[in-house]
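One structure is given here, and the rest of the page talks about it.
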Amino acid sequence: MLNLKLHFQRIGLFRKIKKEINSEIPSNSLLPISLNNLLLLPHRQQLLKSLWNSSSLSQEAYTQFYKTPLEQCIFLMQQFPLSEKGAYNYLGGMVDYMLEVVTCASKLSKNHMLPIDASPEEQAEQGTVWHAVIVYASLFSCAEYLCHFEVELKSGKRWFPLQEPLTEPYRFRFISETSETQMRCFGAMLAWKIIPPDAINWLSQHPKALEALSMYLTGFREQTGIVDNIVSKAIALTLAPFQREISLPESDVLSETISLEKREPTVISEMQLRQADNQITDMGNAFWQWLIERCVNGDLSINQPNAQIHIIAGYVFIVTPNIFYVFLTEMKLPKQDKDKLQKAFERLKYHRHDRGNMFTCRLFQNELLEGQFKKLSGYLIPANKIFTSNNKPTENPLLVVV
């Protein structure tokens, strides 16, 4: 279920390259991202783990019925935003929204004995099947947003999600008018293409379950009763923190109040904020997510004379206080928040602190490590917390820990 922590983990994404998601086709093409890299972000891993935990399927069945179709949708969604305006109008927003809605719906379904009005014996027998109905309904209620775009490949061809995944650089723009009927028809076509045949065979053993899913996907949502109620509630809870837009550029992120009036008491109890203490932690998570993305994407220079990031002896060395000021500037937050941000980062304990929290390094001008040097202070973070073995940069031969 979406909570405040996940929201702050997405802050770095929320403000990422907004010029590329306006009504005009971007001047620069986007490169397709591999499924592994799309799933690399910690908050997405957390949501996938939550979905697995709420499932009653075996590992094999979970992979076949849930994980595979979910990953197919993620690969199709690539870096698309959910919509032109709103909380998820950043690159990758559609994937985040979809994972949050599906995870929330999955958890909510556990609060009901399904199908409604069936005997306890039937409910016990069919509970797993109806859970799958909820998962598929919530998944494709999000995937239908893929019809919002006109996508042009580098070759000049138009791309349509029902054809094949993106395999070459692409540009996109929003289609100005897309009706609800068009969206639901598209979502249904996509669903019957992606849902595994074995899953359809499994659901067909329980005709009412398959009928409810078919009705939901083809647009007769209100008629599905509890299925529509659960998915609609999951969507509402996912969007609840954005009912009053958070104005981060002009305010202190630690004192910002999130409107929770439309959340139910059970949801509030799961995400007790504990006021400033928890919000400081959330600020640290926002910085951590931003640091990983900027490093992996190459947005922060590495091993350069004036860089804030260096690689040494299997560690990532982040230069302080500069790296915190870079984050605050990019997020348009007050520079006075530097000490709060630094404290929040230290609380995460991702850095090495056997000799205290911070380390001192010397950055020399030649590989003989002689002559003039620049003295730098900062944190040492195990490189495998940020990079994989495939994308880890080379070490800086000019840097020495003292």
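The values are calculated or read from the model by the stated rules, or taken from the named source; none is laboratory data. Given the structure is predicted, the values throughout are model-derived calculations rather than measurements. Here the Cβ is made from the backbone with ideal geometry for all residues, glycine too, and neighbour counts use every protein chain on show. Just so you know, the surface numbers come from the protein's heavy atoms only, side chains and all, with ligands and any DNA or RNA stripped out. Shrake-Rupley method; radii C 1.70, N 1.55, O 1.52, S 1.80 Å.
Miscellaneous remarks
- Within the stretch 296-315, if we keep just the residues that are of a type outside the set (S, T, N, Q) and modelled with pLDDT under 90, the residue that is farthest from the chain's Cα centre (by Cα) turns out to be 305.
- Selected residue (criterion: surrounded by the fewest Cβ atoms within 10 Å (Cβ to Cβ)) from residues of the stretch 329-355 that are more than 19 Å from residue 381 (Cβ to Cβ) and of a type in the set (A, V, I, L, M): 331
- Residue check for residue 106: open to solvent by less than 20 Å² (accessible area, probe 1.4 Å) and under 22 Å from the mean Cα position of the chain (by Cα): yes
- The stretch 286-298, residues that are surrounded by 13 or more Cβ atoms within 10 Å (Cβ to Cβ) and either assigned to a loop (DSSP other than H, G, I, E, B) or not aliphatic (A, V, I, L, M) (or both): 287, 288, 289, 290, 293, 294, 295
Here's the yes/no breakdown for (1) touching a residue at least 24 places away in the same chain (Cβ under 8 Å); (2) loosely packed, with under 15 Cβ neighbours inside 10 Å; (3) within 19 Å of residue 166 (Cβ to Cβ):
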residue	(1), (2), (3)
41	yes, no, yes
49	no, yes, no
55	yes, no, no
64	yes, no, no
67	no, no, no
73	yes, no, yes
77	yes, no, yes
80	yes, no, yes
85	no, yes, no
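- Checking 187, 127 one by one, the residue that is closer than 20 Å to residue 82 by Cα, at pLDDT below 95, open to solvent by less than 50 Å² (accessible area, probe 1.4 Å) and small (Gly, Ala, Ser) is 187 and no other.
- Residues located in the stretch 339-371, provided they are touching a strand residue (DSSP E or B) at 6+ places or on another chain (Cβ under 9 Å) and charged (D, E, K, R): 346, 352, 362, 370
- Restricting attention to the stretch 372-393, the residues being touching a strand residue (DSSP E or B) at 6+ places or on another chain (Cβ under 7 Å) and of a type outside the set (A, V, I, L, M) number 8.
- Which numbered condition residue 313 misses (of (1) touching a residue at least 24 places away in the same chain (Cβ under 8 Å); (2) of a type in the set (A, V, I, L, M); (3) open to solvent by less than 60 Å² (accessible area, probe 1.4 Å)): (3)
- Hits in the stretch 167-184 - residues which are exposed (fewer than 14 other Cβ atoms within 10 Å of the Cβ) and either among the hydroxyl-bearing types (Ser, Thr, Tyr) or part of a helix (DSSP H, G or I) (or both): 167, 176, 179, 180, 181
- Residue ranges of helices (runs of 4 or more DSSP H) in the stretch 196-278 with at least 1 members open to solvent by 30 Å² or more (accessible area, probe 1.4 Å) and at pLDDT below 50: 265-270
- Residue 164 fulfils the conditions (1) crowded, with 19+ Cβ neighbours inside 10 Å; (2) in a loop (DSSP other than H, G, I, E, B) except for a single criterion, (1).
- Residues within the stretch 130-161 that are among the polar types (S, T, N, Q) and open to solvent by less than 40 Å² (accessible area, probe 1.4 Å), tallied: 2
- Only one of 143, 87 that is within 20 Å of residue 30 (Cβ to Cβ) and in contact with a helix residue (DSSP H, G or I) (Cβ under 6 Å, 6 or more places away or on another chain): 143
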